[in-house]
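Remarks on the structure that follows.
Bear in mind that the values in this text are calculations on the coordinates, not laboratory data. Just so you know, these numbers come straight off a predicted model, no measurement behind them. Backbone-built Cβ (ideal geometry, glycine too); neighbour counts: all protein chains shown.
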Amino acid sequence: MRWAPALHENRLLVITRTEENVVRLHALDRTTGEQEWVLKDGITASSGERPPISPTVRGDSVYIGSNRGIIACDATTGDIEWTATLGPHVVETEDGPTWRTDWAKPAVTADRAFTFDMNESYRATREVYAVNTQSGDREWTAKLNVGDDWGLKGHVVAGSNRVFVSALKPHVSAGLDDSPWSGAERLFALETTSGEIAWDWTLPKKTLSPPAYADGTLYVGEWYPDADTGRLHALDASDGSNSWTYETEQGAVLSPTVAGDTVYISQGEELAAVARTDGTRRWRLDIGERSGPPVVVGETGYIQTNPGHNYESRLLAVREP
């Protein structure tokens, strides 16, 4: 298990990849951990890079980014509903053919699913795609107005009739060092119906995980590598204005997740809870490892440790300390 699970009713949906590159979608009873069903066929991923990133649930359907686009499945049975092919598996570049990696974790509204191509090797990751959730047909494609040395990162987030996506320029030369984290980053808000840009924001530093959306607010985590500290920004989704900022004492802010009146974040090797109203920290819990975004049900949070590492991850159930 490399990426975080998703929740549908009383089941956790988890994607795994074996050493033989066999990708599967599992449904587990969240109370007992017993497997309800497994989808063994029809999920395709690049050879050896990663499985499709964690699933997205909307209603009774689960959506997965594959190596060609989006796959929609019945969350109750695991049956495939449709497959949207948004690009070829092999792409021609100046240096010859390259294998496409995977498409980003979809963001899903009532009418559309949104994603983009994650392959950075040919720097063509500046287009966002909208797919009809009933048919799997493509509705629009939006190319961001950034330079050729920019690419999209993370995954798409949707809310308030907006689609939010981050673009990264890996390195800049104007007085910055040559570390892997030097560069520039911008957050774009697109109209869900057309793909037109509503607003964009240049981030002070760098994000290490996508933002979270809830009730008109976008929560964006940052890392300040020079001081090894982080910040969590609460932005108005309509215009990008900043409502408040929370700062960590140590460690980047990762994987913001909203449940009730709380934003849960990973900061370093801790899980922290922050009030949505003003950014005040309520508590923190030492996990001892980096953790992905929690799935919160009642007083229990389900978290994956060491996200992005196939064979070093654990699935933990934790409660407020």
Legend entry - Amide H contacts of ARG126 (H built 1.01 Å from N, under 5 Å, at least 5 apart or other chain): LEU152
Legend entry - Difference of contour (0.36 nm per residue) and Cα-Cα distance, SER194 to THR85: 37.2 nm
Legend entry - Sequence of SER160, SER255, SER291, SER135 once ranked by neighbouring C-beta atoms within 10 Å, starting from the fewest: SER135, SER160, SER255, SER291
Inset, instruction - Mind sorting ILE64, ILE43 by how few other Cβ atoms lie within 10 Å of their own Cβ, fewest first? - result: ILE43, ILE64
Legend entry - Integer Hz, Karplus 6.51/-1.76/1.60 couplings in order for segment 150-163, x for Gly and Pro: 9, x, 7, 9, x, 8, 7, 10, 10, x, 6, 6, 10, 10
Inset, instruction - Please list, or write none, the lysines whose alpha carbon is within less than 22 Å of the alpha carbon of LYS153, excluding same-chain residues fewer than 8 places away. - result: LYS105, LYS143, LYS169, LYS205, LYS206
Inset, instruction - Could you tell me, in Å, what Rg and Dmax come out for the Cα atoms of segment 215-321? - result: 13.5, 41
Inset, instruction - Mind sorting PHE116, PHE188 by how few other Cβ atoms lie within 10 Å of their own Cβ, fewest first? - result: PHE188, PHE116
Inset, instruction - Please give, to one decimal in nm, the separation of the simple spin-label points placed at ASP149 and GLU269, each 7 Å out from Cα toward the Cβ. - result: 3.7
Inset, instruction - Note the full-extension length gain between ALA259 and GLU127 as 0.36 nm times their separation in residues minus their Cα-Cα distance, in nm to one decimal. - result: 44.5 nm
